[in-house]
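Notes to accompany the following structure.
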Amino acid sequence: MTPYSRQLIDDADIEAVVKALKSDILTGGKTVESFESAIARYVGAQHAVVMNSGTAVLHAAYHALGIGEGDEIITTPITFAATANAALYVGAKPVFIDVRYDGNMDERLIEAAITPRTKAIVPVDYAGNPCAMEAINAIAKKHGLKVIEDGAHAFGSRVGSKPVGSLADVTTFSFHPVKPFTTLEGGALVTDDPEVAEKARRFRSHGMVRKQLWNMDMVDLGYNYRLSDVQCALGLSQLEKLAGFIEKRNAIAALYDEEIPKIPGLYAIKIPEANRSSRHLYPVLLDRTLWCSKEDIFKACQEEGLGVQVHYKPVYQHSYYKEHVPTQPLETAEDFYRAELSIPCHQMMGMEEAEAVLKKLRVILKRFARGCGV
Ligand SMILES: *Cc1c(COP(=O)(O)O)cnc(C)c1O
């Protein structure tokens, strides 16, 4: 099975981890700081705070921006549930707005969703394709809101020459194995605001600050969201290879961009010329005549060894959300969910394997070509 995404761990990574395992300090040491500096440099931010998951980082981001009980944040339903869940952790309510045909939040719908309780806008760079951050920041500024960019898919993506990580008040990343690079589990928050970074850092470690000698003072309610030095050593080693990973995924994506539109029933999503996507995912969209066959197409792909996946069921369709955050279905998000399939695109694939994916897709789509009516 060719998975839709996966990690690439090489001998240098293994050596880095073994070396870290043999050192005296396994967590809370200097490698954490080195990894944070490397991340901040890479994405053009002043501060980076690493944690043990992208979800922990989102939780810390909401907390550090002072979002809490009774507040609202505006986000997209086409995301992993964690984006909205972390708002619930702090007692805030996620308000979902519709997406565009590329799966990103439709920035034209933000203003209508703003209420006196709105505190932040939380766009997600879907599949690695950066959102319209300039427009989103302008709206945030006009209304005195903060922007948390969920860049879990987008480490290494750029808008023009500006890296994701330098475009919002706070940007969050995930280092889960399917994401652009990995620390097994892990994530980072980046910001230019020293106070936000400091709050996030405290939040990561029980809300405690060191006074002197043994005297730690807990000034805030925090968690244990620390990332170990061993994982940071892996992250540093992975980060050296990230540019190569992204290049590889973009080479595969370029082939797909060329060939997918030629397959009857399939559409590709165009990334604007000026932008660079990490290509965390390669989403294709099924023509609406095929939506009723999606389950069968999905199964056929899996039978042919294509580890396709669907990103995402709109968050408000989850049972928990139906009960606690009832939301009217959003038209484009619903369509997107019916149309989307993520096909294999990752740094372990060669171009021959990408060609093989296309070949299988052509055969499978032909079988369903007659569609089943709209
Ligand atoms: C993966 C992901 C997260 C959560 O990251 P974890 O490291 O798995 O906790 C959050 N948001 C999005 C959009 C993601 O894809």
Footprinting exposure proxy for ILE25, ILE78, ILE252 (fewest neighbouring C-beta atoms within 10 Å first) | ILE25, ILE252, ILE78
Calculate how steeply helix 54-64 sits against the longest principal axis of the alpha-carbon atoms of the chain, using the helix alpha-carbon long axis, and give the answer as 0 to 90 degrees to the nearest 10.
-> 50 degrees
Principal-axis tilt of helix 229-239 within the chain, Cα atoms, nearest 10 degrees | 50 degrees
Lone Cys, the chain, Cβ cut-off 4.7 Å -> CYS131, CYS232, CYS301, CYS345
Kindly work out what percent of the DSSP beta bridges joining two residues of region 2-236 are antiparallel, to the nearest 5.
-> 55 percent
Could you please tell me the mean projected area of the C-alpha convex hull for the chain, averaged over all directions and given in square nanometres to one decimal?
-> 19.2 nm²
Expressed in nanometres to one decimal, the distance between label points 7 Å along Cα→Cβ at ALA369 and ASP257 is 2.8 nm
With a point put 7 Å past each Cα toward its Cβ, work out how far CYS292 is from ASP24 in nm, to one decimal.
-> 7.1 nm
Please order ILE263, ILE73 by the number of other Cβ within 10 Å, starting at the fewest.
-> ILE263, ILE73
Using Cα positions and a limit of under 27 Å, work out the lysines in reach of LYS366, with same-chain residues fewer than 8 apart set aside.
-> LYS262, LYS270, LYS294, LYS299, LYS313
Counting Lys and Arg as +1 and Asp and Glu as -1, what is the net charge of the other residues whose Cβ lies under 13 Å from the Cβ of PRO329?
-> -1
Report, in degrees rounded to the nearest 10, the 0 to 90 angle that the Cα long axis of helix 133-143 makes with the longest principal axis of the chain.
-> 50 degrees
Quick one: order HIS143, HIS311, HIS346 by neighbouring beta-carbon count within 10 Å, fewest to most.
-> HIS143, HIS311, HIS346
Can you give the alpha-carbon Rg of region 308-360 over 2.2 N^0.38 Å, where N counts its residues?
-> 1.62
Quick one: grab the alpha carbon gyration tensor of region 1-123, order the square roots of its eigenvalues as a ≥ b ≥ c, and give me rounded if a/c is under 1.5, else prolate or oblate depending on whether a/b is larger than b/c.
-> prolate
Considering only the other residues whose Cβ falls under 11 Å of the Cβ of LYS270, what net charge follows from Lys and Arg at +1 and Asp and Glu at -1?
-> -3
For region 2-236: lysine pairs under 21 Å (alpha-carbon distance), excluding those fewer than 8 apart on one chain | 16
Semi-axes of region 242-367's equivalent ellipsoid from the Cα gyration tensor, sqrt of 5 times each eigenvalue, largest first, rounded to whole Å?
-> 26, 19, 14
Calculated from DSSP helices alone, with each H run of at least 4 adding -39500 (n - 2.57) and the total divided by the residues of the chain, [θ]222 nm to the nearest 500 comes to -11500 deg cm²/dmol
Place a +1 charge on the Cβ of each Lys and Arg in the chain and a -1 charge on the Cβ of each Asp and Glu, then give the dipole magnitude about the Cα centre in debye, rounded to the nearest 20.
-> 180 debye
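Bear in mind that the values in this text are calculations on the coordinates, not laboratory data. Quick caveat, the model's predicted, so the values are computed rather than measured. Reconstructed Cβ throughout: ideal geometry from the backbone, glycine too, with neighbour counts over all protein chains shown.
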